[in-house]
Each structure stands twice: as structure tokens, then as C-alpha cells.
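As C-alpha cells, the structure follows; a few thoughts come after it.
The values are calculated or read from the model by the stated rules, or taken from the named source; none is laboratory data. What you see is a predicted model; the values in this text were computed from it and never measured. Every residue, glycine as well, gets a Cβ built from its backbone with ideal geometry; the counts of neighbours run over all protein chains shown.
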Amino acid sequence: MHISLPNEPPKLDQLAATCWIFDVDGCVVDSLLGTSLRPGAREILEHLHAHRIDVIWWSAGGADYAEKRAARFDVDHLVGRFAAKDERDENGRYDTVHLDIALVDVVFVDDRPEDMPVGAAVVAVPPYLIENHRDRGLKRAAELAGLPDKSELKER
Ligand SMILES: [Mg+2]
């Protein structure tokens, strides 16, 4: 299932996801230099943490790499686990066996949604390539997590 978000996106409690899994490069950290945390990422992580939602960062660079990235931006305490993206399943998607999750309980956030498991709930985000304070690529993820959109609130 790909989540297509209507005007009124489901809130976190409606989604009943107990775990959010974030890709790192190009998703929550810029892929070119790795020197910026994507705008909105910290707020989403804090929100999920406050709601006791399990958070995993996973990366093709490995679990240690993912943890170092999180530590660099001082959000590692908001992430429960770090994991590698390496094996592929029979559909050519990243295997999640090592994550010990039930797909029905999980939301993936990724700039390569086509790599996510078949049947998974995926929030596809545009690639975050380089530091950009105006980037709003995590807007849909924030809405889905139940965070108010500050930019829209200001405009009203
Ligand atoms: Mg990526």
C-alpha cells in the first residue's frame, strides 16, 4: 500500500503505526555533503519520540554510518535503532527481516520508495540533495505524524 494523502491526511493515531523507519541519505540528511539535517526532521523525530513511537534509521551505508549521521545532528537519542539496508528480497526491494518488524505496523519515509517492501506504507519524499533551509520535502511526513504545518499556519 502506498499512502496517497488526501486533503485531510490521517493522523498518527489513525494510522496506528508503532514504528517509523527513515532512510538517511537524501531523506533526512543531505546526500551531497551530509552536513545538514533536513528541515522538519528534528521536529518529526521529537514528536514521534514523545508519542513513544519506535524510530529506526537505516542506510545502505550501514548501521554505524546511520548512527554517526544521527549523532552529528544530535538526534541520536531520538532514534531507537540503527540498521543497514543491504540484502534485497525476491522482489528486488530492501529486505527487512533483520529489522524484526511487522509491515502493517510500520511507516517508511524514503526518497526511493520503489526500494521499499511490497505492501509497505511509504511516505515518498523528494530527494534532499544539499543544505536548503527552505526545503519542505518532509511536509507530508510531518502531517502524517500529526504535526501542524507551521508555514501554513503563519500564512493564515
Ligand atoms: Mg536515500
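So here's what we get for this one:
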item: Number of the condition not met by D86 [criteria: (1) more than 15 Å from the ligand (Cβ to nearest atom); (2) surrounded by fewer than 18 Cβ atoms within 10 Å (Cβ to Cβ); (3) of a type outside the set (S, T, N, Q); (4) more than 17 Å from S31 (Cβ to Cβ)]; result: (1)
item: Residue satisfying all of: in the range 47-67; within 16 Å of the ligand (Cβ to nearest atom) and in a helix (DSSP H, G or I); surrounded by the most Cβ atoms within 10 Å (Cβ to Cβ) among these; result: A66
item: Number of the exception - R81 against (1) more than 16 Å from the ligand (Cβ to nearest atom); (2) in contact (Cβ under 8 Å) with a residue 60 or more places away in the chain; result: (2)
item: From the options L144, L153, residue that is loosely packed, with under 12 Cβ neighbours inside 10 Å, part of a helix (DSSP H, G or I) and either away from the ligand (no atom under 15 Å from the Cβ) or modelled with pLDDT of 95 or more (or both); result: L153
item: Within the range 22-46, considering residues that are in a strand (DSSP E or B), of a type outside the set (D, E) and within 12 Å of the ligand (Cβ to nearest atom), the one surrounded by the fewest Cβ atoms within 10 Å (Cβ to Cβ); result: V29
item: Every residue from the range 103-119 that is under 13 Å from the mean Cα position of the chain (by Cα) and either more than 13 Å from the ligand (Cβ to nearest atom) or not charged (D, E, K, R) (or both); result: V106, V107, F108, V109, P113, M116
